[in-house]
Ligand code: B12
Ligand code: SF4
């Protein structure tokens, strides 16, 4: 929570000397609170005030980077409790855990699958963010080998071991790569924090069973004594309600109370959940972590279908609710259409456009796709809002220049707006209005029939 | 070792209205079990902050005629019962449904145009085949909705069923039928806090008491509008807890209906290999839509696939466990 102008004013010299360019200290304080000026514009603030104001200006949840350069993943830095209040900024990183107990083949097989997984949705490429290497045997050598193997991929890394000696071997194997060190506990924090500091890596801090007072105390020890600042929190909860409660409290303490000791991203292990004995339950717990405040999510069961559902959910929750993803209105050519190819019309909501364009493309039949300016709304939403009616469609047809490029006068409209075909006939004199299927999946067979 | 952590409990002065679906023999009905939802004075499952006296429940969708556009996965999973609503409902109950959500789909002018008589007989048969509460949906066409929902309300007099959907354009007749037969209504509005509020007020103006109204704020599936419906529901619930009485109704969501419209669930072939196994993907599409809506305040979740029922119930059970988190 940022400080109010009045609170800042109390910390200023209150001499109204005007050197900052403002008539009064209060005016300057107001600008500071609105983050429109820099504190350095006032030459007279004390060091103490500076430190206080700096910390108040810092984001309530610290921004943490895992990895560097092309493998960099940033999490944290959120500013709201609910996405509709503004937006969520950094989507949670999705990781898969690979144990050192896996044989050579199994390990590299899984690693390859995870690293190469990529799927496109609404024009955005979705991927797994990283892998977590779990020390299962206590062997530093094996751990280092697996970590080095994982580091060959374009992935962020989490190193999991309770043994500082094993952890160090892993860190050494990927120097400069800044993996997350998991985890400092009440028992081993001194050594783990020293390692994280030495290797410039972020550090996870693990509490017990949702005891947030214990966790905050541990964080305070670590930040005051060990110079580690880039932290990630694991409150130690693994079930549904306890995890929801702990994550919610951490988020609220950070954002509403500006409580620094819990102002860090949070990590979830849905595969360890009570009752998460199946892929389905693990995936559903992961869904909760995406919905409610998880920043890093470490999964145990790699499955494409489950992963795809989680990537879709993450894309949903981390889309700015105030800005629908849109495509530019205009005439799109799909599979090199010619003068005889059919003309279809849709809206410029990205999800709608990609659903339709994908099906037209998949049908193998060239077509013209006219995308109207519906202010980024879906077909029915736009229709209900008066942004996708006969008049607008007719206007878009004329403005697009499509009439010079096709020989026919036929246009396919979405099945959901069948009711506008009469009006559209009037607007587009001489045209034949064809009502397409309701859902885009019906388009390929519709186009086949049209051609027949 | 322990540090003082600021208290982050919110103090809400609103509470969701308790609504009971179904009536047993003592109350003039024939249900073996009834269901009460609502009553919470905190955001979903935050047991540290307030009470959530009733768990959210799972309703299962049943249609009065075999659907002709359902995914093959659903058709295979339900099998023969799809052509017999009574058998279908009984099967759903066996599989863990806590409420039956019966759609009188055949009343649609383009899908059979059946009328009051058929509606009565279907409602009667489903009531006889099951012991759990019933929701009855019309075909979604205002004239036919009025016709068959009035018939259903009369036929099920005393059973405390819910009639849906009550929308701005058709609410009067349906609310009147609910009033005359002591039934509940489902008030549905398109993803908008103010529209939801307005319809609840209009229904209240007709003197239907608040414990007879469930609201459907409209749902979108995972990947198909969920991001909007999620936030609208969150805002509805926050307003309710902050004291806005016109929004304090329990919420019902049609997660199954929405999820099974998605391409991801409908199509098993010709999709990217990265989408994975069709069945796994489809079940999780429905389940993750449901989980997300539960996190944002759903009190009744209407599902479609039999194998999703236990998954969602297990999640609800986990969410209802009061936790020791300090
Ligand atoms: C998310 C959503 C919103 C979001 C907006 C999202 C957006 N960017 O468009 C918000 C919350 C802002 C919204 C607002 C409103 N909404 Co709205 N919304 C939805 C919701 C939940 C999902 C829409 C969606 O994203 N669908 C997915 C896309 C991909 O679908 P689509 O565009 O239709 O495309 C599919 C097909 O049409 C087809 N297709 C598309 N193009 C073409 C072209 C051809 C040629 C063919 C053959 C096929 C085809 O392919 C696609 C995939 O199958 C639906 C209900 C629902 N569950 O579907 C209601 C819904 C569309 N909304 C509705 C309404 C009424 C409104 C409002 C008017 C309500 C209000 N508050 O006043 C406002 C209008 C906006 C305004 N005034 O600013 C109603 C429309 C009712 C009707 N039948 O006319 C719906 C159906 C809800 C309902 N049941 O009442 N909405
Ligand atoms: S420079 Fe500093 S002391 Fe002078 S008016 Fe501005 S804020 Fe006040």
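The values are calculated or read from the model by the stated rules, or taken from the named source; none is laboratory data. Just so it is clear, the model here is predicted, and its values are computed rather than measured. Glycine also receives a Cβ, built like all others from the backbone with ideal geometry; neighbour counts cover every protein chain displayed.
Output the number of residues of the range B:249-264 satisfying the condition of being in contact with a strand residue (DSSP E or B) (Cβ under 8 Å, 6 or more places away or on another chain) and surrounded by fewer than 21 Cβ atoms within 10 Å (Cβ to Cβ).
Within the range B:249-264, residues that are in contact with a strand residue (DSSP E or B) (Cβ under 8 Å, 6 or more places away or on another chain) and surrounded by fewer than 21 Cβ atoms within 10 Å (Cβ to Cβ) number 2.
Is at least one residue of the range B:265-272 more than 16 Å from ligand 2 (Cβ to nearest atom), touching a residue at least 12 places away in the same chain (Cβ under 8 Å), out of contact with any strand residue (DSSP E or B) (no Cβ under 8 Å at 6 or more places or on another chain) and farther than 23 Å from residue B:135 by Cβ?
Yes; the residues of the range B:265-272 include at least one that is more than 16 Å from ligand 2 (Cβ to nearest atom), touching a residue at least 12 places away in the same chain (Cβ under 8 Å), out of contact with any strand residue (DSSP E or B) (no Cβ under 8 Å at 6 or more places or on another chain) and farther than 23 Å from residue B:135 by Cβ.
Restricting attention to the range A:276-323, and to residues there that are assigned to a loop (DSSP other than H, G, I, E, B) and closer than 13 Å to residue A:91 by Cβ, which single residue is nearest to the other protein chains (Cβ to nearest Cβ)?
A:319
Please pick out the residue among A:330, A:415 that is surrounded by fewer than 21 Cβ atoms within 10 Å (Cβ to Cβ), more than 30 Å from residue A:293 (Cα to Cα) and in contact (Cβ under 8 Å) with a residue 60 or more places away in the chain.
A:330 is the lone residue from the list that is surrounded by fewer than 21 Cβ atoms within 10 Å (Cβ to Cβ), more than 30 Å from residue A:293 (Cα to Cα) and in contact (Cβ under 8 Å) with a residue 60 or more places away in the chain.
Inspect the range B:296-306 for any residue being surrounded by fewer than 24 Cβ atoms within 10 Å (Cβ to Cβ) and more than 10 Å from every other protein chain (Cβ to nearest Cβ) and give the result as yes or no.
Scanning the range B:296-306 turns up at least one residue that is surrounded by fewer than 24 Cβ atoms within 10 Å (Cβ to Cβ) and more than 10 Å from every other protein chain (Cβ to nearest Cβ).
Restricting the search to the range A:219-240, which residues are more than 15 Å from residue A:203 (Cβ to Cβ) and either outside the structural domain of residue A:280 (by TED's automatic domain parsing) or surrounded by fewer than 24 Cβ atoms within 10 Å (Cβ to Cβ) (or both)?
Within the range A:219-240, A:236, A:238, A:239 qualify.
Anything in the range A:197-218 that is part of a helix (DSSP H, G or I), surrounded by fewer than 21 Cβ atoms within 10 Å (Cβ to Cβ) and at the interface with chain B (Cβ under 7 Å from one of its Cβ atoms)? List them, or say none.
Selection gives A:213, A:214, A:217.
Test residue A:174 against the criterion of being closer than 23 Å to residue A:113 by Cβ, away from chain B (no Cβ under 14 Å) and touching a helix residue (DSSP H, G or I) at 6+ places or on another chain (Cβ under 7 Å), and give yes or no.
It is true that residue A:174 is closer than 23 Å to residue A:113 by Cβ, away from chain B (no Cβ under 14 Å) and touching a helix residue (DSSP H, G or I) at 6+ places or on another chain (Cβ under 7 Å).
Could you list, in sequence order, the residues of the range A:248-262 that are more than 7 Å from every other protein chain (Cβ to nearest Cβ) and surrounded by fewer than 24 Cβ atoms within 10 Å (Cβ to Cβ)?
Within the range A:248-262, A:251, A:255, A:258, A:260 qualify.
Among the listed residues A:339, A:384, identify the single one that is surrounded by fewer than 19 Cβ atoms within 10 Å (Cβ to Cβ), at the interface with another protein chain (Cβ under 9 Å from one of its Cβ atoms) and either farther than 20 Å from residue B:292 by Cβ or within 12 Å of ligand 1 (Cβ to nearest atom) (or both).
Just one listed residue meets the conditions, A:384.
Answer yes if at least one residue in the range B:279-286 is within 21 Å of residue B:54 (Cα to Cα) and either out of contact with any helix residue (DSSP H, G or I) (no Cβ under 8 Å at 6 or more places or on another chain) or outside any loop (DSSP other than H, G, I, E, B) (or both), and no otherwise.
No, the range B:279-286 contains no residue that is within 21 Å of residue B:54 (Cα to Cα) and either out of contact with any helix residue (DSSP H, G or I) (no Cβ under 8 Å at 6 or more places or on another chain) or outside any loop (DSSP other than H, G, I, E, B) (or both).
If residue B:316 passes every condition in (1) more than 7 Å from chain A (Cβ to nearest Cβ); (2) under 24 Å from residue A:210 (Cβ atoms); (3) crowded, with 24+ Cβ neighbours inside 10 Å but one, which one does it miss?
(3)
Search the range A:158-171 for residues being touching a helix residue (DSSP H, G or I) at 6+ places or on another chain (Cβ under 6 Å) and not in a helix (DSSP H, G or I), and hand back the single one that is nearest to residue A:113 (Cα to Cα).
So the residue we want is A:159.
Residue B:159: out of contact with any strand residue (DSSP E or B) (no Cβ under 6 Å at 6 or more places or on another chain) and either part of a helix (DSSP H, G or I) or more than 29 Å from residue B:33 (Cβ to Cβ) (or both), yes or no?
For residue B:159, the condition - out of contact with any strand residue (DSSP E or B) (no Cβ under 6 Å at 6 or more places or on another chain) and either part of a helix (DSSP H, G or I) or more than 29 Å from residue B:33 (Cβ to Cβ) (or both) - is not met.
Name the residue that is farthest from ligand 1 (Cβ to nearest atom), counting only residues in the range A:432-443 that are surrounded by fewer than 18 Cβ atoms within 10 Å (Cβ to Cβ) and under 18 Å from residue A:410 (Cβ atoms).
The selected residue is A:432.
Go over the candidates A:333, A:359 one by one and state the one that is more than 16 Å from ligand 2 (Cβ to nearest atom) and part of a helix (DSSP H, G or I).
On inspection, the qualifying residue turns out to be A:359.
Identify, from the list B:239, B:290, B:246, the residue that is surrounded by 24 or more Cβ atoms within 10 Å (Cβ to Cβ), modelled with pLDDT of 95 or more and either under 14 Å from the mean Cα position of the chain (by Cα) or part of a helix (DSSP H, G or I) (or both).
From the options B:239, B:290, B:246, the qualifying one is B:290.
So how many residues does the range B:71-126 have that are in a loop (DSSP other than H, G, I, E, B) and within 19 Å of the chain's Cα centre (by Cα)?
Residues in the range B:71-126 being in a loop (DSSP other than H, G, I, E, B) and within 19 Å of the chain's Cα centre (by Cα): 5 in total.
Which of the residues spanning the range A:88-119 are within 12 Å of chain B (Cβ to nearest Cβ) and at pLDDT below 95?
Result: A:88, single match.
Looking only at the range B:208-226, how many residues end up being more than 13 Å from ligand 1 (Cβ to nearest atom) and either farther than 16 Å from residue B:198 by Cα or not in a loop (DSSP other than H, G, I, E, B) (or both)?
So the answer is 6.
Suppose we keep only residues that are near ligand 2 (Cβ under 9 Å from one of its atoms) and surrounded by fewer than 16 Cβ atoms within 10 Å (Cβ to Cβ) within the range A:28-54. Which one would you say is farthest from the other protein chains (Cβ to nearest Cβ)?
Restricting to residues being near ligand 2 (Cβ under 9 Å from one of its atoms) and surrounded by fewer than 16 Cβ atoms within 10 Å (Cβ to Cβ), the top hit is A:43.
Take residue A:273 and tell me if it is buried (at least 22 other Cβ atoms within 10 Å of the Cβ) and over 22 Å from the mean Cα position of the chain (by Cα).
Here the answer is yes, as residue A:273 does meet what is asked.
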